[in-house]
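Beneath this line is the structure, given in structure tokens, with notes to follow.
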Amino acid sequence: MMDGMDESNDLLADGSGSKEKPEETVDLSTDTTLLVDISDALSEKDKVKFTVHTKTTLPAFRQSEFAVVRQHEEFVWLHDRFEESEEYAGIVIPPAPPKPDFDASREKLQKLGEGEGTMTKEEFQKMKQELEAEYLATFKKTVAMHEVFLQRLANHPVLRIDINFKIFLEYEQELGVRGKNNKERLSGFFTRVSQSVDEVLLSNQKDKDDFFEGQKTFLVEYFNRIKDATGKADRMTKSHKNVADSYIKISTCLVQLATSENTELEKLVNKLAETLERVRKLEGRIASDEDLKLSDTLRYYMRDTSAAKNLLYRRLRLLANFEAASKVVEKARAKNKDVQQAEDAHQQLAEKLDRLTDTAKQELTDFKARRITHFRKNMVDLAELELKHAKAQVQLLRNAITALKEMS
Amino acid sequence: MATVGSGGDCSIGSGGRDPPPPLLFDEENEEDMFSSSHESLKVNQMDHGEEKDDDIFAEAKEELSLDSPENDWSQSTAKTEGLPQKVAVLPSVTAASVTSQSLPKQPKNGVKDISDDLDEEEEANKYSIEISVTDPKKIGDGMNAYMAYKVITKTNIPDFRNSEMEVYRRFSDFLGLHEKLVEKHLHQGRIIPPPPEKSVIGMTKIKMSKEESSSTEFVEQRRAALERFLCCVAKHPALQTDPSFVDFLELEGDLPRATSTSALSGAGVLRLFNRVGDSLGKMTYKMDESDQNLSWSCVIYYLQCSEDYEWFEEKQQQVESLDIQLKKLHSSIETLVINRKELAQNTGLFANSAAALGSVEEHTSLSRVLSQLAEVEDKIDLLHVNQADSDYYILSEFVKDYVGLIQAVKDVFHERVKLYKAWKDDEATLTKKREAKVRLELTHKADKIGSANQEIAEWEHRVEKSQEEFQAISKSIIKELKRFERQRLKDFRRAIISYLESLMENQQQLIKYWETFLPETKAIA
């Protein structure tokens, strides 16, 4: 499980979809019985088509290697099947990948096209390149997100044998999962509302188990703060990109200025333009690295925390039902009517609760371990990359200053 | 440098073929050179009426005699040029060697240029002046409140009474100084650095704010701008010894209020109208060189003008395009400043968020690292603010100053056009007077001829004067532009290197922060 997570962490961090990362070799117990990856992706107008490729030694599957094409809605369908199933109530269900969103990039590209007349050819080219790179990065990220989701499922001992998962991986036709129609969306909305109302009611429900009580307090607070941190990190990285992009216009103006100057001044100004262009590229890299290592990590764990909260909610629900059943038993015994029935029901719920409690404890411990490993790795990567880029900039600037001082 | 002959003894008689001795020539006296070589030209090529020669030589004699007392002359040049004595190093001027071709090239004569540069550099090395504007203080309350700035000067220029002085000045004093400098120096063809802009918003901030904080940023920007203005004036060899400038720096106590500088005064409005009128004038009046009625004495000048004319046209176009490009550059730098300030703010917000997250995190070492990340980002916030300031002061304000200077260059070009127009107008009037006289002669109105002759003499004198002024300003502008270009190269170089150094320093600081953070991250259990 952990191994698979590490691998997918790399992919998440890398965002390039590259599979080879020898230095990140995972643990000894590599489980190759079910390997899932997204081998290809196609962006078509509004839709992205993912090619889900599976390699397996499990007998449950018809073939040992195969691939199908899936769209985002089908991933969401799969997630919902897990989330709604009572069988997996005690498991932290891997969060569904976010919907591919190219609107922002597309809008920017369009605006650029409209403003083409007002800028020089070089400036236009540079900005176009930047936007295309942004588009590509968004694309790679969405592929990585979808892949991580599947890989977590494939590595989970219980979730991987689910029938719906098998269908998802194997069934060649479209799953016929249309997007929710209005009625379903509305009912989904109400379910969520009632869930949160329930959560409030249940928050008054004291969990006799200290572990879970503590986890509940922690996760609720943690979720709020990580959500805030994710938003702020996003804004910071965006500002950083804006700063980098502002150098484009400055370099363009400097080059124009240089062309009408006498030789000495021309050299100076051109040197500045060239240096700022390089600075820009570095700042752009910093912004995208921060996005990957910092914002994306925070974002992923925000979602995972939400999934963990859902687990707690399910447990509390079950606990409430169990306590209600206990009362029914008491009443039945008092009236001496339907006692057996009540006791059976009570017994069932007791077993369910025990099973869920055990699984949940393990899942929550795993969640914490996963979180810590992931954060550690990305913090280290972040710090190393920041250092690398800062050193590169110092070098670049030092050379430029020396060159300028030597000019006349 | 050529030897300096003593002033008074000029033996240029009419018909003299001797080359004029290398006298104490200043640019202003160059027409002497022209007239004498003109004379020799004519001697070589054609015979004209003696009287014309006489007129010219009469002029020459007149010029020289006016300048005979050496002391006065050198002092006046010291005042205007700040130089002990300026000598035009001319190759031996023989009648034959001086051709019309070399005349127009005078301003571009390489030898002359070098001596120019040498003189100026010597000048720069001889005296030094350091000015700083500090310690802004709010004086008064409410609507009458204003900021007073301490101006500290250290110098060894002899025109100043002391070598160190300290005075308090308010913003309108600076504007008043600029106005006086413009009055005295613009028509002499000097580029006068513009003062910082008036700002109604800033003025309101100062008057209305109860405490210092809300106007601090504006006051700091203004203080820096005022300092740059004074330093720019001080760098100019002619302006640095101007008595108004000297008074500004050393006169204790308040200067008389420059009331005409306020934005809403009657004088201000009048200035606005004049500006508009001028611009209209600029658009419609073009220097037309094809006037056929030029007299002989104007032919030489025509030749000179046509060479200069091209030079000036070219320069004007260069200045125009420089103006446009600098303005674009300035606007793009302003965007950078805004974006960087936003980045600083967002970094600070993230730092708070990360700290909050860290305090809730249950795993102790991760919690500690998150707190440290928050600290690092907080420091980076300040770094970004620092860098935004560098972006602003080293680049943005620098480019803006140059946009202002370019406007001053355009102003001086415009002044030249005005003087040209005045000269041509005077010439036209002179022609009319002469025609009137001819008509009088034809109609035998002998009694009126006397006064007509008087008027003609008067106008001839006026034409001479306006011609001189025009030539003087042309020469001065050429010199000023050269100085301007040299200064510009130095300034740009300094600013570019300074900016890159600021970027580098900030990156080095970043390295320190991340280097302390990295081992902590690795220590997460």
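The values are calculated or read from the model by the stated rules, or taken from the named source; none is laboratory data. The shown structure was predicted, so the numbers you read here are calculated from the model rather than taken from an experiment. Quick reminder, even Gly has a Cβ in these numbers, built from the backbone with ideal geometry, and neighbours come from all protein chains shown.
Among the candidates A:A400, A:A360, the residue that is in contact with a helix residue (DSSP H, G or I) (Cβ under 6 Å, 6 or more places away or on another chain) and at the interface with chain B (Cβ under 9 Å from one of its Cβ atoms) is uniquely A:A400.
Residues that are in contact with a Lys or Arg (Cβ under 9 Å, 6 or more places away or on another chain) and either touching a residue at least 40 places away in the same chain (Cβ under 8 Å) or among the basic types (K, R) (or both) were ranked within segment A:316-330; the one that is farthest from A:D209 (Cα to Cα) is A:L318. Being facing chain B (nearest Cβ under 7 Å) and under 15 Å from the mean Cα position of the chain (by Cα) is the filter here, so list the residues in segment A:217-238 that pass it. Selection gives A:I226, A:A229, A:A233. The residue list B:A428, B:A436, B:A422 contains one member that is of a type in the set (A, V, I, L, M), modelled with pLDDT under 95 and out of contact with any helix residue (DSSP H, G or I) (no Cβ under 9 Å at 6 or more places or on another chain), which is B:A428. Taking (1) within 30 Å of A:Q348 (Cα to Cα); (2) at pLDDT 90 or above; (3) crowded, with 21+ Cβ neighbours inside 10 Å in turn, A:D296 satisfies each apart from (1).
Looking at B:L280, B:L239, which one is away from chain A (no Cβ under 14 Å) and at pLDDT below 90? Result: B:L280 is the single residue among B:L280, B:L239 that is away from chain A (no Cβ under 14 Å) and at pLDDT below 90.
Of all the numbered requirements in (1) more than 13 Å from every other protein chain (Cβ to nearest Cβ); (2) surrounded by 19 or more Cβ atoms within 10 Å (Cβ to Cβ); (3) at pLDDT 95 or above, B:E415 misses one, and that requirement is (3).
Pairs meeting the criteria (first residue in segment B:187-205 and over 10 Å from B:G404 (Cα atoms), second residue in a helix (DSSP H, G or I) and among the hydroxyl-bearing types (S, T, Y), beta carbons under 7 Å, at least 6 apart or on different chains) are B:Q188/B:S476; B:G189/B:S476; B:R190/B:S476; B:K205/B:S214; B:K205/B:S215.
Assessment of segment B:436-453 against the conditions (of a type in the set (A, V, I, L, M), touching a His at 6+ places or on another chain (Cβ under 7 Å) and over 20 Å from A:L268 (Cα atoms)) yields no matching residue. Within segment A:245-273, the set of residues being under 44 Å from the mean Cα position of the chain (by Cα), farther than 24 Å from A:A287 by Cα and basic (K, R) comprises just one member, A:K271. Residues considered: B:Q454, B:Q487, B:Q507, B:Q467. Of these, the only one that is closer than 30 Å to B:S365 by Cβ and among the polar types (S, T, N, Q) is B:Q507. From A:D366, A:D358, A:D344, A:D381, which residue is in contact (Cβ under 8 Å) with a residue 60 or more places away in the chain and either exposed (fewer than 15 other Cβ atoms within 10 Å of the Cβ) or outside any helix (DSSP H, G or I) (or both)? Of the residues listed, the single one that is in contact (Cβ under 8 Å) with a residue 60 or more places away in the chain and either exposed (fewer than 15 other Cβ atoms within 10 Å of the Cβ) or outside any helix (DSSP H, G or I) (or both) is A:D358. Filtering segment B:474-525 to residues that are facing chain A (nearest Cβ under 7 Å) and not in a helix (DSSP H, G or I) leaves only B:I524. Test A:A325 against the stated conditions and say whether it is within 40 Å of the chain's Cα centre (by Cα), farther than 29 Å from A:R303 by Cβ and more than 9 Å from chain B (Cβ to nearest Cβ). Considered against the rule, which asks whether it is within 40 Å of the chain's Cα centre (by Cα), farther than 29 Å from A:R303 by Cβ and more than 9 Å from chain B (Cβ to nearest Cβ), A:A325 comes out as yes.
Taking the conditions exactly as written (loosely packed, with under 13 Cβ neighbours inside 10 Å and free of Cβ contacts under 8 Å to residues at least 40 places away in the same chain), does A:D103 satisfy them or not? Judged against the criteria, A:D103 is a match.
Only one of the listed residues (A:K271, A:K281) is part of a helix (DSSP H, G or I), away from every other protein chain (no Cβ under 12 Å) and more than 26 Å from A:G231 (Cβ to Cβ). That residue is A:K281.
The set of residues from segment A:94-149 being closer than 30 Å to A:F367 by Cα and aromatic (F, W, Y) comprises A:F139, A:F149.
The rows are residues; the columns are (1) at pLDDT 90 or above; (2) surrounded by fewer than 11 Cβ atoms within 10 Å (Cβ to Cβ); (3) aromatic (F, W, Y).
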site	(1), (2), (3)
A:G17	no, no, no
A:L34	yes, no, no
A:A41	yes, no, no
A:D46	no, yes, no
A:A60	no, no, no
A:H72	yes, no, no
A:F75	yes, no, yes
A:E83	yes, no, no
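Yes or no: segment A:243-262 includes at least one residue that is surrounded by fewer than 18 Cβ atoms within 10 Å (Cβ to Cβ) and part of a helix (DSSP H, G or I). So far as segment A:243-262 goes, yes, one or more of its residues are surrounded by fewer than 18 Cβ atoms within 10 Å (Cβ to Cβ) and part of a helix (DSSP H, G or I). Out of B:S359, B:S321, B:S353, B:S371, one residue alone is facing chain A (nearest Cβ under 8 Å) and under 30 Å from A:T305 (Cβ atoms). It is B:S353.
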